[in-house]
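Here the structure comes first, spelled out in structure tokens, and everything after it is commentary.
Just so it is clear, none of the values below were taken in a lab; they were calculated from the coordinates. From a predicted model like this one, the values you see are computed outputs, not experimental measurements. Cβ placement follows ideal geometry from the backbone for every residue including glycine, while neighbour counts extend to all protein chains displayed.
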Amino acid sequence: ETGVTQTPRHLVMGMTNKKSLKCEQHLGHNAMYWYKQSAKKPLELMFVYNFKEQTENNSVPSRFSPECPNSSHLFLHLHTLQPEDSALYLCASSQGTGQVSGYTFGSGTRLTVV
Amino acid sequence: GQQLNQSPQSMFIQEGEDVSMNCTSSSIFNTWLWYKQDPGEGPVLLIALYKAGELTSNGRLTAQFGITRKDSFLNISASIPSDVGIYFCAGRNTGTASKLTFGTGTRLQVTL
């Protein structure tokens with residue numbers, strides 16, 4: 001399998017649930033990212049990981065907890081979310097954070113919080 | 001912070017027509033990228049621009065890096081139904097190498 005794979009594709013969760021989003025890349029990239037895409041808003045960067053180390057947290061609420069066990073895998077742990085957190089969550093990877101090339105995105109997880 | 005404004009926000013065009021969209025910034029970027037997002041998918045990179053004034057083509061797509069470094073343009077010639085989707089511009093500075101700033105997107109719909 002190649003590219004950036006995100007699971008699940010769709011997720012419905014209650015506000016008291018705990019769930020996790022998974023991202024896996026088979027491109028040999030060193031940097032991975034979480035983005036949030038809400039309707040009628042620009043893509044919002046959430047977290048950046050470079051060689052498994054978190055290098056950026058874009059003022060994301062603590063109910064979102066990222067984990068990067070290695071350069072190929074990235075998780076986003078979710079707990080006590082709010083309905084306004086419903087969005088498409090996109091994972092991306094790149095060769096490195098210093099590269100000028102673009103990111104490769106996954107297909108996203110469509111999250112609905114009820 | 002930096003903002004990227006794309007226009008138009010949405011457009012309906014007939015198959016075969018040419019399309020133009022643009023992206024403007026309140027500050028300078030050193031790299032401009034154009035992405036397309038199909039329904040239910042993540043964005044896919046179309047064209048990357050690295051130099052002011054640069055004009056780059058990818059099939060029916062042509063993009064230009066504005067000479068002021070504060071804008072970029074994307075043109076699609078002879079549109080076809082599969083051009084439907086949302087087109088995003090993205091800018092990057094060497095000073096913020098880890099971060100792409102994305103535009104608000106242009107939604108393109110093609111009528112037969």
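Between A:SER71, A:SER86, A:SER62, where does the largest GNM mean-square fluctuation fall for chain A, given springs only between Cα atoms within less than 10 Å? Comparing A:SER71, A:SER86, A:SER62 in the GNM, the peak value goes to A:SER62.
Counting other beta carbons within 10 Å of each residue's own, what order do B:ILE13, B:ILE76, B:ILE67, B:ILE86 fall into, fewest first? If you can, show how the numbers build up before the last one.
Details: B:ILE13 15, B:ILE76 23, B:ILE67 10, B:ILE86 18.
So the ranking, lowest neighbour count to highest, is B:ILE67, B:ILE13, B:ILE86, B:ILE76.
Karplus-based coupling profile of the stretch A:47-62, in residue order and whole Hz: 9, 10, 10, 10, 6, 6, 9, 6, 10, 8, 10, 8, 6, 7, x, 5, with θ = phi - 60° in 6.51 cos²θ - 1.76 cosθ + 1.60 and x standing for Gly or Pro.
Less than 15 Å Cβ to Cβ from B:ASN30, Lys/Arg counted +1 and Asp/Glu -1: what total charge do the surrounding residues give? Neighbour charge sum, excluding B:ASN30 itself: +3.
For chain B, what number results from the quotient of the Cα radius of gyration and 2.2 N^0.38 Å?
Working: Rg = 13.4 Å, N = 112, 2.2 N^0.38 = 13.2 Å.
Here the Cα radius of gyration is 1.01 times the empirical estimate.
Could you work out the relative contact order of chain B, using alpha carbon pairs under 8 angstrom and six or more residues apart, expressed as a whole percent? List each step's numbers first, then the result.
Working: 289 pairs, mean separation 40.9, N = 112.
Reported relative contact order: 36 percent.
When the Gaussian network model of chain B links Cα atoms closer than 10 Å, the mean-square fluctuations of B:GLY40, B:GLY53, B:GLY66 top out at B:GLY40.
Let me know the charge dipole size of chain B about its Cα centre in debye, to the nearest 20, where only the beta-carbon of Lys, Arg (+1) and Asp, Glu (-1) is charged.
On the way: 8 positive and 8 negative charges, 103 e Å.
It works out to roughly 500 debye.
Measure out, as a whole number of angstrom, how far apart the alpha-carbon centroids of the stretch B:1-80 and the stretch A:1-70 sit. Between the Cα centres of the stretch B:1-80 and the stretch A:1-70 lies a distance of 25 Å. Shielding by partners for peptide A:34-43, expressed as the average number of C-beta atoms from other protein chains within 10 Å of each residue's C-beta, is 4. Taking other Cβ atoms within 10 Å as a rough exposure proxy, A:SER65, A:SER107 sort from fewest to most as A:SER65, A:SER107. The string of couplings for the stretch A:35-45 from the Karplus curve (6.51, -1.76, 1.60, θ = phi - 60°) is 10, 10, 10, 9, 4, 6, 10, x, 4, 10, 5 Hz, one whole number per residue in order, with x for Gly and Pro. When the Cα positions of A:LEU78, B:PHE88, A:VAL48 are compared along the charge dipole of the protein assembly as shown, A:LEU78 comes out farthest toward the positive end, with charges on each C-beta of Lys, Arg, Asp and Glu. Pairs exceeding a 26 Å alpha-carbon distance, out of A:LYS36/B:LYS51; A:LYS52/B:LYS51; A:LYS18/B:LYS99; A:LYS22/B:LYS51; A:LYS41/B:LYS70: A:LYS36/B:LYS51; A:LYS52/B:LYS51; A:LYS18/B:LYS99; A:LYS22/B:LYS51.
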